[in-house]
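What follows is a set of notes on a single structure, which appears directly below.
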Amino acid sequence: MSPAEDGNPVESGLGREDQRSFDMGEDIAYQYREWTAQRIGWLVMALLVLAALLGLLGLGSMEPLASAYHEAHDGSIGVEYMRLERHHAPARLVVEVAPKAALDGEVRLWLDADCLASLGLQSIVPEPDSVELGAERITYVFPVSEENGPMEITFQYEHDGFWRQDVQLGLVDGAFLEFSQFIFP
């Protein structure tokens with residue numbers, strides 16, 4: 001019987017590397033591709049965890065990139081909000097009004113009507129004394145308390161829209177603020 005017929009790969013002309021691949025079922029090139037894919041997967045997972053911790057995927061444990069605070073140039077009004085929200089998830093917008101912004105014992109705060117249509121407003125704390133509907137704005141009238149500290153008004157809502165939502169709010173005959181939020185589906 002010739003060496004090629006008895007199945008001995010060394011004697012049949014196959015080299016040592018070919019023999020190892022043949023005997024053990026190894027494919028070194030495939031193994032390197034698999035290791036590369038694993039490392040890319042680890043990197044993607046690490047980036048997702050980091051993004052979640054920073055708040056880029058919504059409310060996170062630290063959320064420094066997701067939360068924001070804007071204040072008017074004169075300091076009469078400020079707003080705390082989340083840059084990133086989720087569709088139909090409970091959310092809140094906290095408006096801080098300085099005591100100097102009160103006129104005749106009341107604060108008159110307006111929000112853009114288009115913005116309110118996409119917000120899905122759930123509640124306002126404290127409740128306004130009255131609401132005035134306009135073509136482009138909805139005005140909420142709040143009584144001013146006796147204390148000298150700033151007034152906090154909290155709007156609780158669930159977004160009905162997706163992607164980028166522009167928000168405009170301000171004081172009647174006073175400063176206003178504009179900002180945008182990104183709404184995840």
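The table for this structure:
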item: Residue within the range 99-107 that is in contact (Cβ under 8 Å) with a residue 24 or more places away in the chain, in a loop (DSSP other than H, G, I, E, B) and surrounded by 11 or more Cβ atoms within 10 Å (Cβ to Cβ) present; result: yes
item: Of all residues making up the range 18-73, the number that are modelled with pLDDT under 75, loosely packed, with under 11 Cβ neighbours inside 10 Å and not acidic (Asp, Glu); result: 3
item: Residue 150 being at pLDDT 80 or above and assigned by TED's automatic domain parsing to the domain that holds residue 176; result: no
item: Filter pass, residue 132 being within 20 Å of residue 83 (Cα to Cα), assigned by TED's automatic domain parsing to the domain that holds residue 97 and of a type outside the set (Ser, Thr, Tyr); result: no
item: Failed item in (1) at pLDDT below 85; (2) over 27 Å from residue 131 (Cα atoms); (3) not aromatic (Phe, Trp, Tyr), with residue 98 passing the rest; result: (2)
item: Candidate set: the range 74-90, residues that are assigned to a strand (DSSP E or B) and over 11 Å from the mean Cα position of the chain (by Cα); chosen: the one surrounded by the fewest Cβ atoms within 10 Å (Cβ to Cβ); result: 90
item: Among (1) under 20 Å from residue 67 (Cα atoms); (2) at pLDDT 80 or above, the one test that residue 87 misses; result: (2)
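The values are calculated or read from the model by the stated rules, or taken from the named source; none is laboratory data. It should be emphasised that the depicted structure is a prediction, and the values quoted were computed from it without experimental measurement. Note that each Cβ is placed from the backbone with ideal geometry, even for glycine, and that neighbours are counted across all protein chains shown.
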